[in-house]
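Only one structure is covered here, and it is reproduced in the block below.
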Amino acid sequence: MVTLDQAYQAQISVIGSMLIDARCIPLVLSKLAPEDFIDGTCRSTFTAIRKLTREGRPVDPVLVVDAMQGGDRYIGWVREAMEVTPTAANVGEYIPMVRDYAAVYRFRELCQQGLDCTDIAQAQEIARKMPLVVSTAERMPMMTGPERMLDFHQRMKCTEKPKYLPWGIPAADRCVYAELGDMILLGGYASSGKTLLSITMAMAQAKAGYKVGYYSLETGIDKMTNRQVSSLSGIPLVKIKALDFTEDDWSRLAQAECFGSTEGSFAIMDASGFTVEDITSHAIGHGFQVIYIDYVQNIHMPGVRVTENYAKVTFISQTLKTFSRRTKTTVVALAQLSRPQKDNGKPVPPTMHSFKESGQLEQDADAAFLIWPKDLKDNRSNRMFMIGKNKEGPRDMVELVFHGDTQTMVELVPSVAAELSAQGRAIKQANRNRAQQVEFRELRGGDEDNPFADD
């Protein structure tokens, strides 16, 4: 535990090291920022040194005092900082002490603000900041060429196979090497099944041991649970809505409830009215490794008019991208697609350009999934699932067998699809042959089909 006196001494030692040995200045500037210095004089000195360095000027006590713009009153302090720092060799040990105590100090300030707050809005703002102020992660991690090659070599020698997020869809599992910290986009038309598909994906990840949080901004928790149980049990959703069960249904429900109860790592939140800050702070507080947001265009953003949706979605996308990278939390953002485009009056499948309001969503995503009805005029038809963007793997498109009644989607196995397609073509050809061919046969006098036979 770093005490107040130790923190102050660490700050002075860092400043003194920079003053007596300019070679350590680049290291300190890359690791610390002015807000990491709790002592005001140390902060002013650090800021002055950083200013001189940016301007390409030498860092010596006279120029530092001049840059601090405090007159002669800083001369004695600068001299003392240099005298109490016999060597700059230990500056690397002092840097984390300075950063750690700064985090503790900011946390204490927020705690005091919490004690003094008078309304729920202030309390929510303080709660949002809490997880961020205690983070002591390096602001901009860096590895040199030799360091990166050594790290790569060590990773390649690892006998344990790398672990990637499962999706519950074989095509995605084969192609998408998603890791914690990635941002994934899932787009679909209204009522195309993107929520159903996302629940399938979330359950696969929870089953694999990931802690998953699902933020639903459009559908209540009870309705989401109904869909999940229908998918797990195979009982039509209409029967669950009507509470119309047979004895066999009750047995299947019990099995589904048992399975759902074991997936304690899959939580669903009714996030209606939440802001992007609310969602990310809540996710940090509950330690979710993967979060789903259904869907981004519904995230609340106070003071933004409907006509400003482009700016709104851009801000939300960039915020979620930064959050996923900084906290190593995978974000799966569901998004509405624009209405189907038409070619010669016929609707055509969507592309990556179909994401509504913002190309920022497409740009920020590490991978993007799209889903739409195979027959764009029939929402009951099977679904097409496409990996539209994949930074670290191939793209693919497969057909999903869609059962809206039991809330399930299953990838159509290629061999089965080919067999069914061949059967369909054979049946169509046979029907065409029957329609086009004229059959002739001889009718004899006693034949019952002979209209000219004597009675």
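This table checks each residue for (1) of a type in the set (Asp, Glu); (2) touching a helix residue (DSSP H, G or I) at 6+ places or on another chain (Cβ under 7 Å); (3) modelled with pLDDT of 85 or more; (4) exposed (fewer than 15 other Cβ atoms within 10 Å of the Cβ).
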position: MET1; (1), (2), (3), (4): no, no, no, yes
position: VAL14; (1), (2), (3), (4): no, yes, yes, no
position: ILE25; (1), (2), (3), (4): no, yes, yes, no
position: THR41; (1), (2), (3), (4): no, yes, yes, no
position: VAL84; (1), (2), (3), (4): no, yes, yes, yes
position: PRO96; (1), (2), (3), (4): no, no, yes, no
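Listed here are the residues, each with its yes/no results for (1) buried (at least 19 other Cβ atoms within 10 Å of the Cβ); (2) farther than 19 Å from VAL296 by Cα; (3) free of Cβ contacts under 8 Å to residues at least 40 places away in the same chain; (4) among the hydroxyl-bearing types (Ser, Thr, Tyr).
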position: SER317; (1), (2), (3), (4): yes, no, no, yes
position: LYS328; (1), (2), (3), (4): no, yes, no, no
position: PRO340; (1), (2), (3), (4): no, yes, no, no
position: ASP343; (1), (2), (3), (4): no, yes, yes, no
position: MET352; (1), (2), (3), (4): no, no, yes, no
position: ALA365; (1), (2), (3), (4): yes, no, no, no
position: ASP378; (1), (2), (3), (4): no, yes, yes, no
position: ASN382; (1), (2), (3), (4): no, yes, yes, no
position: ARG395; (1), (2), (3), (4): no, yes, no, no
Quiz item: If you go through region 340-358 one residue at a time, do you hit one that is closer than 24 Å to ALA267 by Cα, in the same structural domain as SER216 (by TED's automatic domain parsing) and of a type in the set (D, E, K, R)?
Solution: no
Quiz item: What residue, of MET386, MET409, MET352, is under 30 Å from GLU308 (Cα atoms) and modelled with pLDDT under 90?
Solution: MET352
Practice problem: Please state which of the following conditions GLY303 fails to meet, knowing it meets all the rest: (1) under 12 Å from the mean Cα position of the chain (by Cα); (2) outside any helix (DSSP H, G or I). | Solution: (1)
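The values are calculated or read from the model by the stated rules, or taken from the named source; none is laboratory data. Bear in mind the structure is a predicted one, so any value in this text is a computation, not a measurement. Here the Cβ is made from the backbone with ideal geometry for all residues, glycine too, and neighbour counts use every protein chain on show.
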